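Reading through the structure tokens given below for one structure.
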């Protein structure tokens, strides 16, 4: 697994990075060799440590963002790795086609943490709507007026399908799609 680190408002020593690699490497059994892990460390006000872990491999993207109080960066790393492992186990039947199927362990004993695999995705509502061309600012305004967490629109600049969303830590995100040929 290839590791990339980014630090926001914090400088880290090598022991934290080594700890992160040690913990994340436990997830390697689920992935093929062409896997990358992108880890972002940050410290917010009140010494709240945040670890954002993104793993890309086998055509799958997994992401976790966890927080720990009082400068406990190791605790945030543990929580992020645990969250991703639970997501993998929860969706193991679907992911086994994309990831390394022999990496999935046999069913765990009952005293281990409980993860029930989702057998099917139950769609309870379907909405249809037209996607109008608009600017990003217009889309954010529309999203806020609707009091939604995200909004789908077509960019008035290049006619690409886009999504704006509210980020948990404040601010907005923009997803721009590329049309495959």
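Structural remarks
- Among the residues making up the stretch 155-181, those that are under 30 Å from residue 66 (Cβ atoms), free of Cβ contacts under 8 Å to residues at least 24 places away in the same chain and in contact with a strand residue (DSSP E or B) (Cβ under 7 Å, 6 or more places away or on another chain) are 163, 165, 166, 167, 173, 175, 176, 177.
- Criterion applied to 82, 71 was being in contact with a strand residue (DSSP E or B) (Cβ under 9 Å, 6 or more places away or on another chain) and part of a helix (DSSP H, G or I), and the one residue passing it is 82.
- Some residue of the stretch 60-69 being at pLDDT below 85, farther than 20 Å from residue 169 by Cα and surrounded by fewer than 18 Cβ atoms within 10 Å (Cβ to Cβ): yes
- Exactly one residue among 23, 9, 92 is crowded, with 16+ Cβ neighbours inside 10 Å and modelled with pLDDT under 85, and that residue is 92.
- Condition check for residue 84: modelled with pLDDT of 85 or more and outside the structural domain of residue 12 (by TED's automatic domain parsing): no
- Only residues that are surrounded by 13 or more Cβ atoms within 10 Å (Cβ to Cβ), without any contact (Cβ under 8 Å) to a residue 40 or more places away in the chain and more than 25 Å from residue 60 (Cβ to Cβ) were counted across the stretch 26-49, and they come to 3.
- Residue match in the stretch 18-31 (condition: part of a loop (DSSP other than H, G, I, E, B) and in contact with a strand residue (DSSP E or B) (Cβ under 6 Å, 6 or more places away or on another chain)): yes
- As for the stretch 102-121, it holds no residue that is over 30 Å from residue 13 (Cβ atoms), out of contact with any strand residue (DSSP E or B) (no Cβ under 6 Å at 6 or more places or on another chain), modelled with pLDDT of 90 or more and surrounded by 10 or more Cβ atoms within 10 Å (Cβ to Cβ).
- The sole residue among 40, 35 that is at pLDDT 85 or above and within 14 Å of the chain's Cα centre (by Cα) is 40.
The values are calculated or read from the model by the stated rules, or taken from the named source; none is laboratory data. Quick caveat: nothing in here was measured; it's all calculated off a predicted structure. Reconstructed Cβ throughout: ideal geometry from the backbone, glycine too, with neighbour counts over all protein chains shown.
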